[in-house]
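Input: a single structure, listed below in structure tokens.
Just so it is clear, none of the values below were taken in a lab; they were calculated from the coordinates. Keep in mind the model is a prediction, meaning the values are calculated, not measured. Glycine also receives a Cβ, built like all others from the backbone with ideal geometry; neighbour counts cover every protein chain displayed.
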């Protein structure tokens with residue numbers, strides 16, 4: 001063992017210890033350690049390649065040594081970066097995130113180019129005999145292990161998603177220590193995605209998820225995938241019915257807007273109440289795209305069930321103000337001319353007739369603030 005071997009071993013130990021510190025550090029010093037590892041890794045790779053290229057090994061082995069050495073050294077920096085707690089972009093700034101991977105790639109390329117130049121220029125050098133094959137096997141196996149570990153969880157997750165098999169999620173590796181590579185939430189994510197996939201075509205298994213947010217997400221996606229808003233409305237955990245429509249099931253309601261419109265065309269549709277409450281609490285009738293529901297809602301007041309008539313009347317009474325541009329006179333005109341004629345001959349809607357009459361008799365109070373002069377700031 002000559003001085004080059006001893007120096008390489010010592011630097012290798014220092015490099016490995018640096019990788020451990022690199023992984024467990026989440027402070028601003030991580031960038032400083034990163035720079036040290038880059039230069040130390042480059043020095044080790046050049047030092048080792050310099051010796052190997054002088055040996056009697058064939059050119060292809062020298063070139064492969066240059067390649068696998070660069071991949072192992074700089075790939076390990078990437079591995080240990082992800083193994084630890086990556087500094088958030090918000091904490092350190094976008095520049096840090098943009099520098100990490102590009103800098104690793106840059107130094108890896110420099111290392112590889114140096115190795116290739118030395119290997120080709122010294123392809124006939126036979127200064128000493130050096131059995132390179134054991135080192136190539138060791139380096140290759142270590143690199144392969146790091147590569148498998150790096151992608152392992154995502155391979156498992158994607159396999160569970162592709163096969164819609166939740167049981168595969170138990171194979172994921174997670175850690176209580178903050179780690180982006182073995183994130184503690186990876187199993188939850190896997191179960192959520194695979195349950196959503198299962199529920200898309202087979203039995204709905206969202207209820208088996210332990211986390212309430214995950215269950216709600218699963219029901220939302222399942223409602224959207226199966227084009228059935230009832231799945232979301234009937235199953236999500238919500239404090240109130242308004243929140244169930246307005247917050248938890250908003251995305252599938254928006255996605256299924258055309259389906260809801262089709263349901264509203266048939267006042268006797270079995271899902272008419274789901275469609276009406278989706279309009280009431282989520283879609284609305286005040287915006288330009290929501291005004292297309294107005295003729296359908298009027299027809300429901302004429303022909304629908306008592307429950308659907310009441311829901312449609314509620315939508316109009318609560319939305320009259322915004323339809324009239326928040327004008328009291330306009331609101332009164334809309335209710336008097338558009339809605340009251342629809343319900344005045346329906347005794348079962350007497351309470352809504354009374355509500356409209358109360359609004360029609362309302363008087364806008366004149367404020368006294370109009371007489372107060374606003375001081376001019378000089």
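Observations on the model:
- Using 0.36 nm per residue and subtracting the Cα-Cα separation, the extra length available between residue 106 and residue 234 on full extension is 40.7 nm.
- Put simply, the Cα atoms of the range 122-194 extend 60, 29, 17 Å along their principal axes, the longest span coming first.
- Virtual spin-label span in nm between residue 121 and residue 291, 7 Å along Cα→Cβ: 7.7 nm
- For the range 105-258, the calculated P(r), taken from all Cα-Cα distances in 10 Å bins from zero up to the bin holding the longest distance, is 10, 25, 21, 15, 11, 9, 6, 2, 0 percent.
- Quotient of C-alpha Rg and 2.2 N^0.38 Å, computed over the range 256-362: 1.01
- Angle in degrees between helix 29-52 and the longest Cα principal axis of the chain, rounded to the nearest 10: 40 degrees
- Taking 0.36 nm per residue of sequence separation and removing the Cα-Cα distance, the residue 171/residue 269 pair yields an extension gain of 30.7 nm.
- Rh (Kirkwood; distinct C-alpha pairs) - the chain, Å: 27.2 Å
- Between the Cα long axis of helix 306-323 and the first principal axis of the chain there is an angle of about 80°, rounded to the nearest 10.
- Note on residue 99 and residue 241: the extension gain reaches 46.3 nm, defined as 0.36 nm multiplied by sequence separation minus the Cα-Cα distance.
- Cα-based helix-to-principal-axis angle, 59-83 vs the chain, degrees rounded to 10: 40 degrees
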